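For reference, the structure is listed below as structure tokens.
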Amino acid sequence: MIIAANWKQYLSPKEENELLLEFGSSLKLHPKQELWIFPSLYSLMCLSKLAKALDMPVTIGAQDIAPTLDGALTGGIRADFIRGELVLIGHSERRKIFHEKITDIKKKLQVSLDANKRVILCVGEKKPISDEEIIEQLQTELDAYKEVIDGRKEQVIIAYEPWWAIGGNKTPTVQTIQKVIKLLHKLGFAQVLYGGSVDPHTIGKIVCPELAGFLIGRASTTMTVLQAILDQLTEM
Ligand code: 13P
């Protein structure tokens with residue numbers, strides 16, 4: 001099972017460094033659990049080097065990527081220049097705060113897949129709606145990426161992250177998650193993660209065998225809280 005920790009911009013570079021070292025020395029992963037960490041873009045290079053130097057069983061990825069490989073993009077970080085194999089694309093905070101549209105996400109998918117990255121593509125509805133509407137929305141969005149993704153779906157992992165479930169204590173039901181996974185499997189995406197308010201209190205209600213893992217925000221920034229989630233998953 002994949003445990004993907006999205007540290008967003010919660011931690012200072014020093015705290016990110018310390019937390020990675022703490023994970024390395026004390027976090028207990030079940031043999032079937034795989035840890036991916038998405039630190040701030042500022043710390044990406046440094047933590048990738050640290051994890052490699054210490055031979056830590058963790059994969060470091062980028063929280064975002066520039067939509068083009070064009071040199072003239074102030075503030076951009078090119079997909080073909082970054083270290084590591086993982087890239088997060090389409091997170092709801094990027095869509096909401098930076099107004100990223102499907103056309104931008106499509107470009108990011110293109111450059112990342114061309115650079116042979118594995119992409120974690122975040123999708124999910126903005127507010128609570130019926131399961132039928134969720135399925136329809138997801139299908140429409142994924143259709144828009146078809147020409148870019150087709151032929152390389154094995155490079156794409158979908159993270160189902162409803163906007164309304166992020167950063168609080170509300171989650172969809174496990175039945176809704178299972179319906180979403182069923183659709184995504186049907187569309188050819190073999191691995192699906194769930195993200196949004198995953199913590200030691202919610203995890204037991206949303207875990208199901210169809211899930212490849214979880215994308216965890218706030219709860220992944222404290223070692224003891226993350227360990228509590230891992231322990232519960234191990235016992236299930
Ligand atoms: P929380 O786990 O803090 O709700 O964040 C989820 C998320 O946005 C992960 O990408």
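The values are calculated or read from the model by the stated rules, or taken from the named source; none is laboratory data. These figures come from a predicted structure and were not determined experimentally. Because the Cβ atoms are built from the backbone with ideal geometry, glycine has one as well, and the counts that use them run over all protein chains shown.
Listing for the model above:
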item	result
Residue match in segment 84-102 (condition: modelled with pLDDT of 95 or more, surrounded by fewer than 20 Cβ atoms within 10 Å (Cβ to Cβ), among the hydrophobic types (A, V, I, L, M, F, W, C) and touching a helix residue (DSSP H, G or I) at 6+ places or on another chain (Cβ under 9 Å))	yes
Inter-residue pairs, beta-carbon under 7 Å, first touching a residue at least 60 places away in the same chain (Cβ under 8 Å) and of a type outside the set (A, V, I, L, M, F, W, C) and in segment 189-209, second within 12 Å of the ligand (Cβ to nearest atom) and outside any loop (DSSP other than H, G, I, E, B), 6+ apart	Gly195/Ala159; Gly195/Phe214; Gly195/Leu215; Gly195/Ile216; Gly196/Ala165
Of residues in segment 102-117 being of a type in the set (S, T, N, Q) and either part of a loop (DSSP other than H, G, I, E, B) or under 17 Å from Arg83 (Cα atoms) (or both), the one farthest from the chain's Cα centre (by Cα)	Asn116
Selection from segment 214-230 of residues that are touching a residue at least 40 places away in the same chain (Cβ under 8 Å) and away from the ligand (no atom under 12 Å from the Cβ)	Met223, Gln227, Leu230
Scan of segment 84-97 for residues that are within 14 Å of the chain's Cα centre (by Cα) and more than 16 Å from the ligand (Cβ to nearest atom), ordered by number	Glu85
Residue ID - surrounded by the fewest Cβ atoms within 10 Å (Cβ to Cβ), chosen from residues in segment 155-172 that are on the phi < 0 side of the Ramachandran plot and in a loop (DSSP other than H, G, I, E, B)	Asn169
Within segment 118-154, tally of residues that are in a strand (DSSP E or B) and among the basic types (Lys, Arg)	1
Filtered residue count, segment 98-117, keeping only those that are within 16 Å of the ligand (Cβ to nearest atom) and not aliphatic (A, V, I, L, M)	3
